[in-house]
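Below is one structure, written out as structure tokens; comments come after it.
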Amino acid sequence: MLAAAVTAVGSDAFALSQPAQPLAKNKLPKWKGFNLLDFFSPNPAGQRIKTTDEHLKWMRDWGFDFVRVPMAYPSYLKFDRSRNIKPEEVYQIDEQAVEKIDNLVQMAHKHGLHVSLNLHRAPGYCINAGFHEPYNLWTDQPALDAFCFHWNMWAKRYKNVSAKKISFDLLNEPNMREDMNDQHSKSSPVPGDVYRKVAIAASDAIWKENKKALIIADGNRGGSAVVQELADLNIGQSCRGYNPGIISHYKAPWANKDPENLPEPKWPGQVGDRYLSRQLLEEHYKPWIDLKNQGVGVHCGECGAWNKTPHDVFRAWFGDVLDILSSNGIGFALWEFIGSFGVLNSGRTDVAYEDWHGYKLDRKLLELMQKA
């Protein structure tokens with residue numbers, strides 16, 4: 001009954017679910033762009049470099065049309081940050097902080113960029129540690145209630161904005177973890193029925209304000225796996241461009257228990273006990289391409305590699321990732337614009353940077369993205 005109600009809404013130009021039949025066209029636009037990390041940190045005092053109007057103009061002038069804004073919900077709350085947050089405090093919205101997010105949205109819209117708002121940290125879940133969650137989104141009703149409250153707030157704020165300009169990416173990289181506050185505790189995919197329950201609840205909270213709102217759900221298992229349990233809903237799905245991790249997160253301390261003792265990445269080539277090649281990528285993305293052909297909109301919300309991956313290896317691998325996605329009509333967003341994954345100031349030691357208005361531009365990476 002719920003599924004029938006959900007699939008009935010949002011039936012404008014962005015309708016995402018169609019009868020199951022081979023379809024060449026993606027039901028989501030082939031957006032290309034960047035993740036902007038202005039509100040990525042749970043602590044506002046720890047935020048990254050601020051995105052400026054000029055940055056957004058560069059993106060537009062370089063041919064990009066999309067920005068994803070991963071938000072940590074505590075970044076726009078009022079509470080005593082000297083101690084762990086209490087469940088009742090997750091409702092204490094800081095209007096001034098929300099207005100800063102709104103200013104970024106408006107600037108992006110001014111330059112013709114679609115904005116995807118994403119809860120990178122939601123009440124009761126984040127793929128990363130670094131903030132003590134008071135409960136578990138997947139098992140605790142108070143966490144789900146708070147999750148829906150936040151999405152209803154954002155939907156209400158943008159209820160009169162076209163789906164061509166804004167979308168809502170429910171939750172970054174879902175996983176079931178034994179201890180929500182221990183990043184290295186045992187994890188597994190979220191059970192499909194549990195993910196479906198959470199996605200429907202949040203979507204209903206959004207569609208309550210605007211029946212044509214465009215909603216996207218990240219893939220299961222940290223964004224890597226298609227969620228068939230959501231395929232009949234009018235919700236797009238977001239994959240990742242991080243496979244294999246030995247290429248994308250080489251020596252990254254948050255992703256590897258022993259980052260200094262890893263086999264050297266090659267593309268293509270033998271790395272440890274695996275031979276890495278385009279065939280691996282073709283197999284990885286086949287379920288996503290099948291999902292798109294099934295009539296579900298697909299986009300790659302995050303992709304790229306950390307700055308310790310040798311640049312020639314990174315570009316060889318990333319060229320294959322982008323070619324597979326692009327040739328199947330699937331857009332992408334680099335993590336990030338400015339910083340260790342970005343096209344500006346990445347800190348790579350093996351790049352001949354070009355000076356760009358005081359920033360260090362990785363022109364080869366930019367051109368790779370532009371060609372996709």
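Laboratory data are not the source of any read-out in this text; all were calculated from the coordinates shown. These figures come from a predicted structure and were not determined experimentally. Here the Cβ positions follow ideal geometry from the backbone for every residue, glycine too, while neighbour counts run over all protein chains shown.
Below is a table of values for the structure above.
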{"read-out": "Over the chain, relative contact order from alpha-carbon pairs under 8 Å, at least 6 apart, %", "value": "20 percent"}
{"read-out": "Distance violations [Cα-Cα > 19 Å] among LYS27/LYS156; LYS30/LYS164; LYS78/LYS165", "value": "LYS27/LYS156; LYS78/LYS165"}
{"read-out": "DSSP-defined antiparallel bridges as percent of all bridges, region 239-372, nearest 5", "value": "55 percent"}
{"read-out": "Peptides 336-342, 265-271 ordered by average Cβ neighbours within 10 Å, highest first", "value": "336-342, 265-271"}
{"read-out": "Amide H contacts of LEU77 (H built 1.01 Å from N, under 5 Å, at least 5 apart or other chain)", "value": "ASP94"}
{"read-out": "Phi to ³J(HN,Hα) by Karplus 6.51 cos²θ - 1.76 cosθ + 1.60 over region 86-95, Hz, x for Gly, Pro", "value": "9, x, 5, 7, 6, 9, 8, 6, 9, 4"}
{"read-out": "Of all DSSP beta bridges in the chain, antiparallel share, percent nearest 5", "value": "30 percent"}
{"read-out": "Cα gyration tensor category, rounded, prolate or oblate, for region 119-202 with a/c compared to 1.5", "value": "prolate"}
{"read-out": "Principal semi-axes in Å for the chain [√(5λ), Cα gyration tensor, largest first]", "value": "29, 24, 22"}
{"read-out": "Region 62-161: relative contact order as a whole-number percent, Cα under 8 Å and 6+ apart", "value": "31 percent"}
